[in-house]
Amino acid sequence: MRTDLCGVELKNPVIAASGTFGFGQEFAPFFDVGRLGGISSKGLTMGGKYGNEGQRICETPSGVINSIGLQNPGVEAFLRDDLPFMRRCGAAVIANLGGSDLQGYLDGAALLSEADIDILELNISCPNVKAGGMAFGIQCQSAHQVVSAVRKVCKKPLMVKLSPNAENIVEMARACEDAGADALSLVNTFQAMAIDVERRQPVFANLFAGLSGPAIRPIALRMVYQVCGAVKIPVVGLGGIASASDALEFLLAGATAVQVGTANFVKPDICLDIIDGIDRYLERHGFAAVSEIRGLARTDR
Amino acid sequence: MRTDLCGVELKNPVIAASGTFGFGQEFAPFFDVGRLGGISSKGLTMGGKYGNEGQRICETPSGVINSIGLQNPGVEAFLRDDLPFMRRCGAAVIANLGGSDLQGYLDGAALLSEADIDILELNISCPNVKAGGMAFGIQCQSAHQVVSAVRKVCKKPLMVKLSPNAENIVEMARACEDAGADALSLVNTFQAMAIDVERRQPVFANLFAGLSGPAIRPIALRMVYQVCGAVKIPVVGLGGIASASDALEFLLAGATAVQVGTANFVKPDICLDIIDGIDRYLERHGFAAVSEIRGLARTDR
Amino acid sequence: MPAAYTVNKILQNDRVTETVYKMKVDLGGAPQPAPGQFYMVRGWEGNDPLLSRPISVSDAGEGTVTFLYEVRGRGTRLLSQLPAGGQVSLLGPAGTGFPVGEVSGRVAVVTGGIGLAPMIYTAKSLQNCQVDFFCGFRDQSYELEGLQGAVQRVAVATDSGREGQKGFVTDLFSVADYDWVLTCGPQVMMEKLGRACLDAGIRCLLSLERHMACGVGACLGCTCKTAHGAKCVCKEGPVFRAEEVIL
Amino acid sequence: MPAAYTVNKILQNDRVTETVYKMKVDLGGAPQPAPGQFYMVRGWEGNDPLLSRPISVSDAGEGTVTFLYEVRGRGTRLLSQLPAGGQVSLLGPAGTGFPVGEVSGRVAVVTGGIGLAPMIYTAKSLQNCQVDFFCGFRDQSYELEGLQGAVQRVAVATDSGREGQKGFVTDLFSVADYDWVLTCGPQVMMEKLGRACLDAGIRCLLSLERHMACGVGACLGCTCKTAHGAKCVCKEGPVFRAEEVIL
Ligand SMILES: Cc1cc2nc3c(=O)[nH]c(=O)nc-3n(C[C@H](O)[C@H](O)[C@H](O)COP(=O)(O)OP(=O)(O)OC[C@H]3O[C@@H](n4cnc5c(N)ncnc54)[C@H](O)[C@@H]3O)c2cc1C
Ligand SMILES: Cc1cc2nc3c(=O)[nH]c(=O)nc-3n(C[C@H](O)[C@H](O)[C@H](O)COP(=O)(O)OP(=O)(O)OC[C@H]3O[C@@H](n4cnc5c(N)ncnc54)[C@H](O)[C@@H]3O)c2cc1C
Ligand SMILES: Cc1cc2nc3c(=O)[nH]c(=O)nc-3n(C[C@H](O)[C@H](O)[C@H](O)COP(=O)(O)O)c2cc1C
Ligand SMILES: Cc1cc2nc3c(=O)[nH]c(=O)nc-3n(C[C@H](O)[C@H](O)[C@H](O)COP(=O)(O)O)c2cc1C
Ligand code: FES
Ligand code: FES
């Protein structure tokens, strides 16, 4: 099950997705989180953030819309309070860095890349922060700009997290590869909305928010398939994964590893079910390593 | 409940969506389809089409991926065999025109616009036909081109059906309005995929196919909200509507009418439940007409 | 008889084998089904699973219909959990079914696995025929009691050899001995049988399976290739003549 | 006591009023909950509804927990349909609950609607207090029997006036007569009460409601504004001091 992700060895290809797993410790009562391939931290910003006002969670058919707005304690508090447990637990440490302006990204990346983390995941795709975040993730040019700049200050493997709201996901992936990304992860949440029909107003104070969960899986899988065919760097696939079979779809489409987000809310130790299920699948079909199934369902092999 | 849609009076704002309701007659055993505001025909092409090979339907969490590939008897057979019932039943007749090249669209539009239909719905967004269909619906320029050309030959109200896969849905809507569309309908299906993990190959022969159903509703609603704020022509909202409350979200977002697609598979007379539910809502809240609630949840009113 | 969409009462829902269940439903005033027809069955609320499941009529009586079904995935598992006295939604009867009036003489009914379900009702409905019933199972037979008296002979094949003859059901007989072959089962089995009948000039009817969404001929999701173009399995089938479908 | 995720057996699940149900669950070896804590409850398979539902502990005994819940939407309706003997998944006990050890003297427990649920267990758990229990309902009271002996006085207000005093539960008493006010109910009621207590210098604990996804403090979906920044209702609440939360 060992998986190499841009030079970092993961125990297995299953990573807990940013924003859905806290800093790992929240799930420690339920299982040994060190059994995960990796944990991606809650999205961090330089100064920390209060996050969005009003209702933050709205359930939809097989999905969840969230408007958290990158609430986080800030990079410095993370390094002091949260990194020690993450480092100790045994899963690879992925620090997810959000932001709303270029300087914030640069300062955060510089600080994090001095710390004992394994991978920096650059989130250019959060739909929940006004004037920034996702703005970088929509058009290739601004993505290229921010990734190039962060690349220069980042000494750790750099994974760029793409937005499914990008105008052209394939061009976006190529732009980030070109700008120096070591890996890509996709997808972040889809820009979505809900309206409270009784009160006749949007559910979220921010108007739009991000859709995740099993509902989006078929679209996320299509995007991951496309991107895996377009870049040479490894791709981490996510979006709606809730079972081993779901995870296998992404691996067979060409992903090197997967992340599990919303499904952690459904069953706190669901990642273990997924890890075990992938293991059994490999055994049942006679594969010796995860890497052997990577991309096997591609028609362009 | 009467609703004016670009000069055509609908009994109510609920239209059965193209490709999910046949030519109306298929649902006649279950209820009086004349009670619908309108029926949009299966997507038509000039010469007719066999459609796609292989598995055509795949269920996903709260959704369905379809790869029908515009199977249809052709415009001429439609006029002869199917239009008479649609005309007679009492719902407004919307002829949905698909195609894979400009000439096909022009010929089809010319023929249909001589017939006794109420609205021509131009589908520039089918993700299931190679080299065409959706290609027109991705970039504004090609959309503008085809809509302008069809506008010239079309004597009926022209409704253009947009793809959620458009690079920029707002720019796309503006381009179509500018090209002479009388109304817009959105969304068509999202480009998606599924992989059969046991056989390690894509489920669909065509690789990608179109996702619809409740899963996509939150994204569709966001797009309809955005488009309603960007154009002056009426907008028909659809994507995952399966209850009166779902329909009301779209009307409150600014849509003039709604379409119901995949939900027809869940309960054949679900449109009646939706019509009745909207009616009760209006009464309960003291509105005299559907038009009174249009856009009430908009923050830019 | 036109199809209807009705909510019906479950009279019984019992386990037959490890994975197979039998559900008897009160049709109320809903139309009576013909052999080979099916229903789009739904026994849960909400959007997941989204689509109803096509299940054949395995028996029908005075205002009741019986389904024999195998638990394969989420939908059939949910059906298996429904209690007697509970409710199930039915859309149907759907499809054209077997033209039983047309069939006569020596008839082989051939089933593989849960393809048995529609053939029980069909075999029982045949008139003026000598029916031999050949059925293949993985390990053990079930629900064959009802055929006593209705058919001349029942022969079983199993993959494991635990019951009947070990091997393929198609090895139990020769198509040349029959005037008609009626079959439902795995695609490969039906293809093999269909071709053998075409070669031997035996009339053959097959009941096909497709993934279905609407069940009423509207979505065109369930088509099969025929000599006369694409046809809807849900509406123009599920029963087709071997010479008509392109195997 | 750390939270756990367990699949538990339903011992009973009975209708209490038109819309309110009571479910008693065998905790097996799972940790015992404290007053004011809650569980993320799930009683269905599949992705729709996707999230578990937060439900408070309305009573707890020897290895059992009792939920009193109102059917509001799909999730609670599905819960209400679960049979005794069936299974339910519980994540919890979650949250910090009421600091019952700290509360003393004259205590007003004030509930509105189904906000009653956590307060039954809480009131019963208070030691060395004189507890007056004020509860508001739409039309009729329920589940108050269990309070006999545990509290000094129970007073009811209803919107309709059919039972108890017609009007707001907050009109039944004056906060000035108490040392502590413990409350759970509609946001507006709690705000009003919280302010009145702050003004009068009475100690007040409120149990808040938020839409929740994870229930473990990971998603930050359930935060409320406090004097010390955003706090998770699921982990650092649901019980807060009136002076701490920004009402
Ligand atoms: C006309 C017809 C009659 C049938 N009659 C019977 C019967 O009498 N007894 C019985 O046990 N089964 C019958 N089947 C097969 C039955 O419909 C499937 O086994 C069932 O839909 C599987 O659903 P699931 O949720 O358990 O499995 P899942 O694998 O979870 O299903 C996922 C999706 O695939 C579809 N699907 C899966 N397998 C099939 C299949 N073989 N054919 C069509 N769609 C499929 C489901 O409907 C669903 O949309 C019939 C199928 C057809 C088309
Ligand atoms: C800490 C806590 C304790 C609770 N204890 C109880 C209790 O003991 N008894 C009881 O009857 N109810 C209780 N509730 C409220 C209960 O969780 C909701 O009524 C329930 O989630 C509604 O779900 P539904 O599917 O029936 O309704 P739907 O309207 O279909 O729910 C849709 C979504 O909104 C959420 N939601 C709806 N209403 C609320 C609400 N008031 N608070 C939070 N989320 C909501 C649901 O969880 C779901 O995600 C509690 C809520 C919280 C936060
Ligand atoms: C409540 C919530 C908070 C999230 N916060 C972040 C975040 O801070 N940074 C980030 O990159 N992604 C964030 N995401 C996105 C997820 O990491 C993931 O990309 C997305 O949810 C799709 O995967 P899923 O369907 O498995 O959840 C968040 C998602 C949810 C549901
Ligand atoms: C089986 C199927 C066939 C469809 N065929 C067409 C079509 O021919 N023309 C078209 O414009 N849209 C077609 N659509 C798209 C629907 O009209 C609708 O835009 C889409 O399904 C989203 O709405 P829904 O979620 O309510 O289904 C089809 C959808 C489905 C599920
Ligand atoms: S299932 Fe829709 S046409 Fe057959
Ligand atoms: S519900 Fe996730 S942090 Fe409280």
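The values are calculated or read from the model by the stated rules, or taken from the named source; none is laboratory data. For clarity, every value in this text was computed on a predicted model and none was experimentally measured. All Cβ positions, glycine included, derive from the backbone under ideal geometry; neighbour counts span all protein chains shown. Side chains are part of the model used for accessible areas, which takes the heavy atoms of the whole protein and leaves out ligands, DNA and RNA. Shrake-Rupley method; radii C 1.70, N 1.55, O 1.52, S 1.80 Å.
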Quiz item: Setting aside same-chain residues fewer than 8 positions from B:K267, which aspartates and glutamates have a Cα under 12 Å from its Cα?
Solution: C:E45
Practice problem: Enumerate the aspartates and glutamates that D:K24 could reach by cross-link, defined here as Cα to Cα under 18 Å, with residues fewer than 8 away along the same chain left out. | Solution: D:D14, D:D59, D:E62, D:E70, D:E143, D:E145
Exercise. Pop out a list of residues from segment B:24-72 that are at least 40 Å² less accessible with all the protein chains around than in their chain alone; 1.4 Å probe, no ligands or nucleic acids counted.
Key: B:E26, B:F30, B:Y50, B:R56, B:I57, B:E59, B:P61, B:S62, B:Q71
Practice problem: Compute, for D:M190, the solvent-accessible surface of its heavy atoms (probe 1.4 Å) with the complete set of protein chains present, and express it in square angstrom to the nearest 10. | Solution: 10
Exercise. Note every residue of segment C:199-227 with a reduction of at least 50 square angstrom in accessible area, all protein chains present versus the isolated chain, computed with a 1.4 Å probe, or write none.
Key: C:H211, C:V216, C:A218, C:C219, C:L220, C:K225
Quiz prompt | In Hz, Karplus ³J(HN,Hα) per residue of segment D:90-102 (6.51, -1.76, 1.60; θ = phi - 60°; x = Gly, Pro) | solution = 10, 10, x, x, 10, x, 8, x, 7, x, 4, x, 7
Quiz prompt | Candidates C:L68, C:L147, C:L116: whichever shows maximal mean-square fluctuation once chain C is modelled as a Gaussian network with Cα springs under 10 Å | solution = C:L147
Self-check item: Net charge over other residues, Cβ less than 11 angstrom from the Cβ of B:V153 (K, R count +1; D, E count -1)
Solution: +2
Practice problem: Whole Å is fine, so just give me how far the alpha carbon centre of segment A:194-251 lies from that of segment B:237-291. | Solution: 26
Quiz item: In whole Hz, what ³J(HN,Hα) sequence does segment B:150-162 give by Karplus (6.51, -1.76, 1.60; θ = phi - 60°), x for Gly and Pro?
Solution: 5, 3, 5, 9, 9, 9, 9, x, 10, 10, 9, 9, 8
Practice problem: Run the accessible area of chain C with a 1.4 Å probe and give the carbon-and-sulfur part as a rounded percent. | Solution: 47
Quiz item: Along Cα→Cβ at 7 Å, what distances in nm separate the A:P84 label point from those on the other copies, shortest first?
Solution: 8.4
Quiz item: From the backbone phi of segment C:20-27, what are the Karplus-calculated ³J(HN,Hα) couplings (6.51 cos²θ - 1.76 cosθ + 1.60, θ = phi - 60°) in whole Hz, Gly and Pro given as x?
Solution: 10, 10, 10, 10, 10, 10, 6, 7
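Take the alpha carbon gyration tensor of chain B, find the square roots of its eigenvalues, order them as a ≥ b ≥ c, and report rounded if a/c is under 1.5; if not, report prolate when a/b exceeds b/c, else oblate. Each step should come with its number before you reach the end.
Working: a/c = 1.27, a/b = 1.18, b/c = 1.07.
Because its axes are fairly even, with a/c under 1.5, chain B counts as rounded.
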Quiz item: Can you tell which of A:T60, A:T256, A:T189 shows the greatest fluctuation in a Gaussian network model of chain A with Cα springs below 10 Å?
Solution: A:T60
Quiz item: Equivalent-ellipsoid semi-axes (√(5λ), Cα gyration tensor) for segment C:106-171, whole Å, largest first?
Solution: 20, 11, 10
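Of the cross-linked pairs A:K156/D:K231; B:K11/B:K42; A:K11/D:K231, which ones have a Cα-Cα span greater than 23 Å in the structure shown? Intermediate values should be presented prior to the final figure.
Numbers: A:K156/D:K231 32 Å; B:K11/B:K42 21 Å; A:K11/D:K231 34 Å.
Going by Cα-Cα distance, A:K156/D:K231; A:K11/D:K231 fall outside the 23 Å limit.
Rounded to the nearest 100 Å², what's the accessible area chains B and A bury against each other, both chains counted, probe 1.4 Å?
Working: alone 12300 and 12300 Å², together 21010 Å².
Accessible area lost upon association: around 3600 Å².
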Exercise. Only counting protein heavy atoms at a 1.4 Å probe, give the residues of segment C:23-51, ordered by number, whose accessible area falls by 40 Å² or more when the other protein chains are present relative to the chain alone.
Key: C:E45, C:N47, C:D48, C:L50, C:L51
Practice problem: May I ask you to rank A:E198, C:E191 by accessible area, largest first, using a 1.4 Å probe over the protein chains only? | Solution: A:E198, C:E191
Quiz prompt | Per-residue [θ]222 nm for chain A (sum of -39500 (n - 2.57) over DSSP H runs n ≥ 4, rounded to 500) | solution = -8500 deg cm²/dmol
Quiz item: For chain C, what does -39500 (n - 2.57) per DSSP helix run (n ≥ 4), summed and divided by total residues, give at 222 nm, in deg cm²/dmol to the nearest 500?
Solution: -3500 deg cm²/dmol
Practice problem: Among DSSP beta bridges whose residues both lie in the protein assembly as shown, state the antiparallel percentage, nearest 5. | Solution: 50
Exercise. Determine the shape class of segment D:6-94: with a ≥ b ≥ c the square roots of the Cα gyration tensor eigenvalues, call it rounded for a/c under 1.5, and otherwise prolate if a/b is greater than b/c, oblate otherwise.
Key: rounded
Practice problem: Over chain B, calculate the relative contact order: mean separation of alpha carbon pairs under 8 Å at least 6 apart, over the residue count, as a percent. | Solution: 18
Quiz prompt | Cα-centred dipole magnitude for the protein assembly as shown, charges only on beta-carbon of K, R (+1) and D, E (-1), debye, nearest 20 | solution = 560
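Mind checking the per residue accessible area of segment B:3-293 for me, 1.4 Å probe, whole number of Å²?
Details: 8590 Å² over 291 residues.
With the other protein chains kept in place, segment B:3-293 gives 30 Å² per residue.
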Quiz item: How much of the DSSP beta bridge set in segment A:10-127 is antiparallel, as a percent to the nearest 5?
Solution: 35
Quiz item: In terms of modelled amide H atoms, which long-range or inter-chain residues lie less than 5 Å from the amide H of A:T60?
Solution: A:I65
Exercise. Please list, or write none, the lysines whose alpha carbon is within less than 18 Å of the alpha carbon of C:K225, excluding same-chain residues fewer than 8 places away.
Key: B:K49, C:K192, C:K235
Self-check item: Inter-copy spacing of A:R2 label points, which lie 7 Å from Cα along Cα→Cβ, given in nm from shortest upward
Solution: 7.6
Quiz item: What ranking of B:F287, B:F21 comes out by heavy-atom accessible area, probe 1.4 Å, highest first?
Solution: B:F287, B:F21
Practice problem: Pull up all non-local amide H partners of B:G295: gap of 5 or more, or a different chain, and H-to-H distance under 5 Å with H placed in the peptide plane. | Solution: B:L252, B:A253, B:G254, B:A255
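Per residue, how large is the accessible surface of segment D:100-241? Use a 1.4 angstrom probe and give square angstrom.
Per-residue value: 41 Å².
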Quiz item: Using alpha carbon centroids, what distance separates segment C:108-128 and segment B:2-79, in Å?
Solution: 35
Quiz item: Anyone know which of A:R200, A:R88, A:R284 comes out most mobile in the 10 Å Cα GNM of chain A?
Solution: A:R200
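Does segment A:128-259 come out rounded, prolate or oblate, given a ≥ b ≥ c as the square roots of the eigenvalues of its C-alpha gyration tensor, rounded meaning a/c under 1.5 and, failing that, prolate meaning a/b above b/c? Don't skip to the end; give the middle numbers.
Values: a/c = 2.38, a/b = 1.29, b/c = 1.85.
Oblate.
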Quiz item: Taking one equal scatterer on every alpha-carbon of the protein assembly as shown, how large is log10 of I(q)/I(0) by Debye at q = 0.06 1/Å?
Solution: -0.51
Exercise. Search the structure for amide H atoms under 5 Å from the amide H of A:Q201, placed 1.01 Å from N in the peptide plane, and list their residues when 5 or more places away or on another chain.
Key: A:D196
Practice problem: Taking a label point 7 Å out from Cα toward Cβ, give me the nm distances from A:G286 to the same spot in the other copies, shortest first, one decimal. | Solution: 7.5
